[in-house]
C-alpha cells in the first residue's frame, strides 16, 4: 500500500475518533442544560387593550379609545396591552419575553417608532381604570426597548425583546403568580412615522410569550 493510501486511511481514522470524542464528551445542549418553561398569555378582554391620543386643553392631556379602533402608533397615539393571570412565580429568571401583534400597517403606516415599557406595578390595572401613559397614572419600568423597524402588512409580528422589563416587574416585592402585566407602546412622537395593529375586538388579541427558568 503506497503512502497516499496510508495517509488517507490515517486521516479518516483520526476524523472518526475526534468525532466520536466530541459527540460523547461534549456538554449537553442548552435546552438540556436549562430546565425552562415557555408560557403564552393573550389579551382576554376589551378593556385590556387601548390606544391613547392627545387632547388639547385637557388637565391630563390624554384620553383612551377602546372598541373598534386599532392599536395605533403615530405622533399623537400610543397603545397598551394587558395580560391577566400571568402564572409565573416571583423572582423567576426570565430568559426571553416578547409580544406578538397583528400588523395592519400600510406602506405609509408601517414604522413603529416607540419605546416599549411595562407598567412597573405589582398587578397592573386595565385601561378603563388607568390609561397607557405616565401622565394618566402609569409607572414606567426603568428598562425599555426601542422599536423602530418597518413591519410587514397583514402578519403577526414580534416586538423587540422585553426580557428586562418583565424581569423588573416580577422582581417587585409584591409580585405573585397570577397577577397582571401591562405592556406599554409609547410613541416617540416623530412626524412621518406610524403603525397600526389589530386588537381584541377584531379577534386578533395581542399575545405575550415568556420563557423562564424553572
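Residue 161 falls short on exactly one of the conditions (1) surrounded by fewer than 17 Cβ atoms within 10 Å (Cβ to Cβ); (2) more than 16 Å from the chain's Cα centre (by Cα); (3) modelled with pLDDT of 95 or more, and that condition is (2). Checking each residue in region 113-144 for being in a strand (DSSP E or B) and crowded, with 20+ Cβ neighbours inside 10 Å picks out 114, 116, 117, 118, 119.
Checked across region 195-202, the condition of being on the phi > 0 side of the Ramachandran plot and surrounded by fewer than 19 Cβ atoms within 10 Å (Cβ to Cβ) holds for no residue.
The residue list 183, 151 contains one member that is part of a loop (DSSP other than H, G, I, E, B), on the phi < 0 side of the Ramachandran plot, touching a residue at least 12 places away in the same chain (Cβ under 8 Å) and buried (at least 16 other Cβ atoms within 10 Å of the Cβ), which is 151.
The values are calculated or read from the model by the stated rules, or taken from the named source; none is laboratory data. Every value quoted in this text rests on a predicted model; they were computed, and no experiment measured them. All Cβ positions, even for glycine, are placed from backbone atoms using ideal geometry, and neighbour counts span all protein chains on display.
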